[in-house]
Amino acid sequence: MKLRRPARRATLVVHVIAAAGWLGLTLGLLALALAAITTDSAAVIEAAARSMKLFADWLVLPLALLTLLSGLLLSLGTPWGLARHRWVYTKFWLTLATTAASAFALRPGIDDTVATVSAGDPVADPTGLIAGPIVSLSAYLFMTVISVLKPWGLTRRGRRQRDQNQRASRRKPVDAEVMRQTA
């Protein structure tokens, strides 16, 4: 399946906006977590935790899934391919892992913290509140860097496909009528 130019461009815009939103949201979660763990005020801790819950419940998973699906569509609908280039393959698996971590670790951790502070109890381990955003932010920044630099070259599958295409292009007969002479 190859995306036509308008569809590819629209998908790319959606992907960049969703990924940037996810990155910005993670920065917001990190700021709220820092506010919660650096204060002695129970009201500030509760407000920060409740704000984190609001962001985690309503924004994290939709942005994560939109980033994952638009990236998958781009990889399958463009010459980059999903398993042709190591940077694309790495980005896919990291996005999948951070989406799963957001759903199964970040959100439940924030829910537990909100339940704890709502009951009037102190947060037992504040590092748990900040660890998720730090790990996520690190992953998103790494994925941004490899998206720009495109390191590591082709995968084994990508090299095999390239070699097959080169062999096939060498075997094509040359049509004299199609050839143009240049001066």
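Among the residues of segment 135-158, those identified as in a helix (DSSP H, G or I), open to solvent by less than 80 Å² (accessible area, probe 1.4 Å) and in contact (Cβ under 8 Å) with a residue 24 or more places away in the chain are S136, L137, A139, Y140, M143, T144, I146, S147, G158. Considering only segment 120-127, I want to know if a residue exists there that is at pLDDT 95 or above, among the aliphatic types (A, V, I, L, M) and open to solvent by less than 50 Å² (accessible area, probe 1.4 Å). No - not one qualifying residue is present in segment 120-127. Taken over segment 1-28, the criterion of being in contact (Cβ under 8 Å) with a residue 12 or more places away in the chain, under 21 Å from L65 (Cα atoms) and of a type outside the set (A, V, I, L, M) is satisfied by R8, T11, H15, G21, W22, T26, G28. Condition check: open to solvent by less than 30 Å² (accessible area, probe 1.4 Å) and not in a helix (DSSP H, G or I). Does A49 satisfy that? In short, no. Inside segment 29-39, residues that are in a helix (DSSP H, G or I) and without any contact (Cβ under 8 Å) to a residue 60 or more places away in the chain make up a count of 3.
Taking segment 66-88 as the range and being open to solvent by less than 30 Å² (accessible area, probe 1.4 Å) and touching a Pro at 6+ places or on another chain (Cβ under 9 Å) as the test, only W87 passes. Residues in segment 2-28 that are open to solvent by 80 Å² or more (accessible area, probe 1.4 Å) and part of a loop (DSSP other than H, G, I, E, B): K2, R4.
Of the residues A31, A97, which is surrounded by fewer than 18 Cβ atoms within 10 Å (Cβ to Cβ), at pLDDT 95 or above and under 17 Å from the mean Cα position of the chain (by Cα)? Of A31, A97, the one residue that is surrounded by fewer than 18 Cβ atoms within 10 Å (Cβ to Cβ), at pLDDT 95 or above and under 17 Å from the mean Cα position of the chain (by Cα) is A97. When A42 is tested against (1) surrounded by fewer than 15 Cβ atoms within 10 Å (Cβ to Cβ); (2) free of Cβ contacts under 8 Å to residues at least 40 places away in the same chain, exactly one condition is not met: (2).
The values are calculated or read from the model by the stated rules, or taken from the named source; none is laboratory data. Model, not experiment: these values are computed from the prediction. Note that we place each Cβ from the backbone using ideal geometry, even for glycine, and neighbour counts take in every protein chain shown. Each accessible area value is taken on the protein alone, full model and side chains, heavy atoms only, with ligands, DNA and RNA left out. Shrake-Rupley method; radii C 1.70, N 1.55, O 1.52, S 1.80 Å.
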